[in-house]
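Right, one structure below, let's go through it.
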């Protein structure tokens, strides 16, 4: 489940494909990115990020793939939720213990 962005997925894929196919025609990959970004009317930094992500996904560059990054986000969210539930449970247990102790103290009077 990828994040829905400002640009359609087809545009992203086409722009990235064009950079990878035509980077040899330019002095550097950056020059290809700037040229193609201008043709698509998008920011060169946006296109650079898409290209880097595609390179990682294709195994051309080290790093977490999009799937791995999404899985990590899901696990981190689950951990946050479990910690929050634990804190709530511990707080309620503490309140119950105080209520039991106060109840016992009141009974002994």
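Sub-9 Å Cβ pairs linking a first residue in the stretch 8-19 that is more than 17 Å from residue 60 (Cα to Cα) to a second residue that is buried (at least 19 other Cβ atoms within 10 Å of the Cβ) and at pLDDT below 95, at least 6 apart or interchain, number zero.
For (1) in contact with a helix residue (DSSP H, G or I) (Cβ under 8 Å, 6 or more places away or on another chain); (2) over 21 Å from residue 66 (Cβ atoms), each residue gets a yes or a no:
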| residue | (1), (2) |
| --- | --- |
| 9 | no, no |
| 13 | no, no |
| 16 | yes, no |
| 20 | yes, no |
| 25 | yes, yes |
| 28 | no, yes |
| 33 | yes, no |
| 37 | yes, no |
| 41 | no, yes |
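The values are calculated or read from the model by the stated rules, or taken from the named source; none is laboratory data. Since the structure is predicted, the reported quantities are computational estimates derived from the model, not experimental observations. With ideal geometry, Cβ positions are generated from the backbone for all residues, glycine too; neighbour counts draw on all protein chains shown.
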